[in-house]
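A quick write-up on the structure given underneath.
Since every read-out is calculated from the coordinates, none of them should be taken as a lab result. None of these values were measured; they are calculated from a predicted model. FYI the Cβ positions are ideal-geometry reconstructions off the backbone, even for glycines, and counts take in every protein chain you see.
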Amino acid sequence: MRVAGSESVRPERKARPGKIASIAALAFLGYRVTAQVEPPTPSELIARAIAVRKAQDDRGWKYTYREDHSNAQLDTNGKTEPPVTRTYDHIMLEGSEYKKLVLIDGKPLDAKTQKKVDEDLERTRTERQKHHLLSVTRTVDVSDLDQLEKYFDNKVTGEETVLGRRTWRMESDPKPDYKMSDNKDREYLASRHTSWFDEQEGWRIKWRDLFVRDAKGFQPGSVIDWEMAPVGDAWLFDNIAFRVDMKIVLGIHGRGESHQHFYDYKRFTVDSTMTPE
């Protein structure tokens, strides 16, 4: 019987556990579908990386920094001999970068070596003052961003966490039908590359050069890994690792490993004062 002015109340129905699980699964799947991001094209990744690099270069920032450079030869069994580590201070000398040896295997230089280092620094200072030369030491990158689309077939192969950051991975194979006209073409086409582009900031933060043909003494199978890291508002080199088979002279090969670690960056402002990062 229904009483006037009142409403009938139905008993609350409890959802079955199986139904709850199904709803949760559908919600999860729906989230995954909507959260998927279309991978950028190789051209888009390269263009963005070039743009952020150019923007940083345009600031004209200069840095002093320290480098630990370890070298080890491989014996006939492929095992590394005890490495030798040289530590350098990269300083500004007469407006340009200068690489100064300061330690060997973590120890101060002996008197003879220190004298030679000091003499070289003063000789370089005098030459730069006399000729006003800016002899900047540069590392050649055989897979430079500007050349990737010219020499390589590029393919984005997925996402990957590298150096603690979310990245897009891109594989680059030398174009098989590229007509080489000079030694520079041969050098670029001698290796294949893997690049990792930071999803958030666009920088290519890591790349690997794997030699598939000999070039500048590097034999097939030689590998170079390059890594960058954020330093304040900039991205700068952090590590470079070589595992190489080098043709030194006719019939003689040298096999070894080399690792360079860069740290303690300090930036110069326009008035040549250092701004710690």
Next item on the list: Would you mind counting up the charge near Trp168? Only other residues with Cβ under 14 Å from its Cβ, with Lys and Arg at +1 and Asp and Glu at -1.
Entry: -1
Check: What's the local net charge at Asp225, with K and R +1, D and E -1, over the other residues with C-beta under 9 Å away?
Finding: +1
Notebook entry, point to check: From the cross-link list Lys62/Lys116; Lys54/Lys184; Lys112/Lys206; Lys54/Lys206, which pairs have alpha carbons spaced over 29 Å apart?
Noted result: Lys112/Lys206
Checklist line | Under-5 Å amide H pairs with Ser191, H placed in peptide plane, nonlocal only | finding: Val212
